[in-house]
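The values are calculated or read from the model by the stated rules, or taken from the named source; none is laboratory data. Quantities reported herein were computed from a predicted structural model and do not represent experimental measurements. Methodologically, a virtual Cβ is constructed for each residue, glycine included, from the backbone with ideal geometry; neighbour enumeration extends over all protein chains shown. Ligands, DNA and RNA are excluded from the accessible area calculation, which covers all protein heavy atoms including side chains. Shrake-Rupley method; radii C 1.70, N 1.55, O 1.52, S 1.80 Å.
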Amino acid sequence: MRKTKKQKIRAGLLSLALVFTLTGCGHEQAKKAVTKTTKVKKQTTTTAQEKPKNTKAFKAVKTAIRIYKEHPKYSQAKRMQEGYIDCSAYVWKCWKAAGISFGESSYAPTAAEIARWCEENHCLISEEKAKNHLEPGDLIFYANKRGNNGRFKNIAHVSIYIGNGKMLHADGAPPAYGNPWYRKVAAVGRPAR
């Protein structure tokens, strides 16, 4: 069972009170310390969200965030069913909402086939250009971790860049945020220019 942030804080405060008690700090001192700790104001920082350059990319990123918030389960077998996702179905659903379905209007192609579509439609950009300037909505294709899988450019995974140095992907788990360069990149696609 996952603990919420509040539960983690409460457990930490209880541990702190226990430490005070065991080290000889009186009950009243421990209570004051816990009360002071809980009264610390939460600091938040806001940064401007990097905006997509066109309306299709904007819609794809907006859909990626919406699907992420719905917490779909990861399943390659059920990826096209409501409430389920895998990496390629995730980016396909995002871009399909923006009017681009990578040649498949009813079923998500594999990550490798989405990359092939990007190449055939002149949407692949150089990795050098991508490293210097990813744009929200870009698709990042990753190479198979071990060996050759026999697919286009040995691609085994795909994510969608959402801006501010972050991407969303479903890598064997429900959608999660990550670093776009967390593993070997095989190609980068920009479906809408």
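Using a 1.4 angstrom probe with every protein chain in place, what is the largest-first accessible-area order of L124, L134?
Sorted by accessible area, descending: L124, L134.
Starting from the Cα-Cα distance between N54 and K131, subtract it from 0.36 nm times their residue separation and give me the gain in nm to one decimal.
On the way: separation 77, 0.36 × 77 = 27.72 nm, distance 1.99 nm.
Going from the current span to full extension adds 25.7 nm.
Largest first, how would R151, R190 line up by accessible area (1.4 Å probe)? Spell out each step's value before the answer.
Working: R151 125, R190 15 Å².
The residues order as R151, R190, largest area first.
Across 10 Å bins from the origin, how do the percents of Cα pairs in the range 46-193 run, short distances first?
Over the range 46-193, the share of Cα pairs per 10 Å bin runs 13, 47, 35, 5, 0 percent.
Determine the alpha carbon to alpha carbon distance for each of K129/K153; K59/K131; K53/K78; K78/K129; K62/K145 and list only those over 27 Å. Can you show the working numbers first?
Numbers: K129/K153 18 Å; K59/K131 23 Å; K53/K78 33 Å; K78/K129 35 Å; K62/K145 29 Å.
Among K129/K153; K59/K131; K53/K78; K78/K129; K62/K145, the Cα-Cα distance tops 27 Å for K53/K78; K78/K129; K62/K145.
Kirkwood hydrodynamic radius of the range 67-131 from all distinct Cα pairs, in Å?
12.7
Arrange the residues H169, H133, H71 by how much accessible surface each exposes, largest first, with a 1.4 angstrom probe. Mind dumping the intermediate values first?
Numbers: H169 20, H133 90, H71 135 Å².
Heavy-atom accessible area, descending, gives H71, H133, H169.
Can you send over the solvent-accessible area of C123, 1.4 Å probe, protein chains only, in Å² to the nearest 10?
Here the accessible area works out near 10 Å².
Would you work out which of I125, G150, G172 lies farthest towards the positive end of the dipole of the range 34-193? Charges go on Cβ: Lys and Arg +1, Asp and Glu -1.
G172
How far apart, in nm, are the 7 Å Cα→Cβ label points at Y182 and A77?
For Y182 paired with A77, the spin-label model returns 2.5 nm.
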